[in-house]
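Report on the structure given below.
The values are calculated or read from the model by the stated rules, or taken from the named source; none is laboratory data. Keep in mind that this is a model prediction, so the values were computed, not measured. Here the Cβ is made from the backbone with ideal geometry for all residues, glycine too, and neighbour counts use every protein chain on show.
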Amino acid sequence: MGFFDFFTQKIGIDLGTSNTLVYVSNKGITVNEPSVVAINTGSNEVCAVGENAKAMLDRTPKTINAVRPLQNGVIADFEITRVMIKYFIDKALNKKRFIKANIVICMPVGVTSIEKKAVEDVAYDSGARKVKLVEEPMAAAIGAGLPVDQPLGNMIIDIGGGTTEIAIISLGGIVESDSLRIAGDDMDMDIREYIKLKYKMDIGLVTAEKIKMTLGNASKEYYDKKHRARNKPQDTQEDGSSDDFDYVQVMEIRGRDIVSGLPLKITVTSDEIREAIAETVNNITNAIKRVFERTPPELSSDIYTNGIYLTGGGALLKGLDIYIEKETGLKVFIAENPLQSVALGAGKICEEM
Ligand code: ADP
Ligand code: MG
């Protein structure tokens, strides 16, 4: 180890539209916070970043604006993005500014060269010695443990908050891909719209997301399978926990009557929420089919054999694997830690930098 290596950290950043994760060499993932920034609209000053800022989404007074600068997979505001990235890098390096870092940053395939340049500049600004930008699906595939360097077709789908990345990877490169601006956020909006139409009730997006995580599902069969599994003698998970959360099929929600403006309480079911998000789920599935159809025959036969891998928070939507399997005829697997795949992949890449 040289003198300079002592002061050089290696870090990998998953700059997601919903969550930013930072992997630090020899430590693992040390930062995992929402990609949210709260700004005082009067002074234009940043008042919170990450976890603290997310707590302000949907419940901010008029003087504070909580924003997600990467919401649609494009950088909506460079200055806010800059502050956010700097905050996360500082946090990962414990603000030891004398430490220089080699930084790997993952970005969606669809970003423009101006956006790439901007992110690179911020990283150098925040103390990077070297910066390497990596395409998100590549990092996701590496993080999910796929054999990306082999002469084999690997298919990875990363469903985040603002974007869905679909990629076929072989011999260390992306052969075919698509980057959609349809993902988890759209499901939240679908749920809000559905409840507005059906119950004349207004709910915030934070509530809609909670409903999605609890009741959201893409296939009724998910619950049937769960029930069959539960009726077996072994009724707890390997780690001893029970998964009652997965059985919840009704939920009471509170909001505001859009006509009277008065508080309102309703009960929604998992069947209703499946209906609410069905179109978005179907749009994502159709995009997967289109990418598969464009894949060279040799690689698509590998994918027939090995299946496709889901990562990103969207992979946690109940029964999504079952639905995609049924629609595409391909085997579908969910990565072990879908919310961490990209950061873990970025970590592996930075270790080798
Ligand atoms: P990004 O990479 O864009 O930051 P993430 O991979 O962190 O996104 O995933 C965030 C998305 O995953 C959000 O839309 C969130 O609501 C969704 N999500 C997280 N957990 C679940 C769950 N259990 N069921 C359905 N969606 C989920
Ligand atoms: Mg992501």
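Numerical summary
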read-out: Number of the exception - Asp90 against (1) part of a helix (DSSP H, G or I); (2) within 21 Å of the chain's Cα centre (by Cα); (3) surrounded by fewer than 20 Cβ atoms within 10 Å (Cβ to Cβ); value: (2)
read-out: Members of segment 35-58 that are of a type in the set (D, E, K, R) and either free of Cβ contacts under 8 Å to residues at least 24 places away in the same chain or part of a strand (DSSP E or B) (or both); value: Glu45, Glu51, Lys54
read-out: Residue satisfying all of: in segment 115-134; part of a strand (DSSP E or B) and touching a residue at least 40 places away in the same chain (Cβ under 8 Å); nearest to Ala343 (Cα to Cα) among these; value: Val134
read-out: Residues satisfying the stated conditions in segment 21-43, i.e. of a type in the set (Ser, Thr, Tyr) and in contact with a strand residue (DSSP E or B) (Cβ under 6 Å, 6 or more places away or on another chain); value: Tyr23, Ser25, Thr30, Ser35, Thr41
read-out: Residue tally, condition closer than 26 Å to Lys226 by Cα and not aliphatic (A, V, I, L, M), over segment 252-282; value: 11
read-out: Whichever residue in segment 327-353 is within 18 Å of Val291 (Cβ to Cβ) and more than 16 Å from ligand 1 (Cβ to nearest atom) and, among such residues, is farthest from the chain's Cα centre (by Cα); value: Gly329
read-out: Test: residue in segment 156-174 that is farther than 21 Å from Ile29 by Cα, surrounded by 17 or more Cβ atoms within 10 Å (Cβ to Cβ), more than 16 Å from ligand 2 (Cβ to nearest atom) and touching a residue at least 40 places away in the same chain (Cβ under 8 Å); value: yes
read-out: Meets criteria (within 16 Å of ligand 2 (Cβ to nearest atom) and at pLDDT 90 or above) for Met107; value: no
read-out: Hey, Ala315 assigned by TED's automatic domain parsing to the domain that holds Gln9, within 16 Å of ligand 1 (Cβ to nearest atom) and not in a loop (DSSP other than H, G, I, E, B) or not; value: no
read-out: Pairs where the first residue, in segment 273-285, is within 13 Å of Ile324 (Cα to Cα) and in the same structural domain as Leu330 (by TED's automatic domain parsing) and the second is of a type in the set (D, E, K, R) and surrounded by 14 or more Cβ atoms within 10 Å (Cβ to Cβ), C-beta under 6 Å, 6+ apart; value: Thr280/Asp186; Thr280/Asp190; Thr285/Glu327
read-out: One residue from Lys100, Lys132 being at pLDDT 95 or above, more than 16 Å from ligand 2 (Cβ to nearest atom) and not assigned by TED's automatic domain parsing to the domain that holds Thr280; value: Lys132
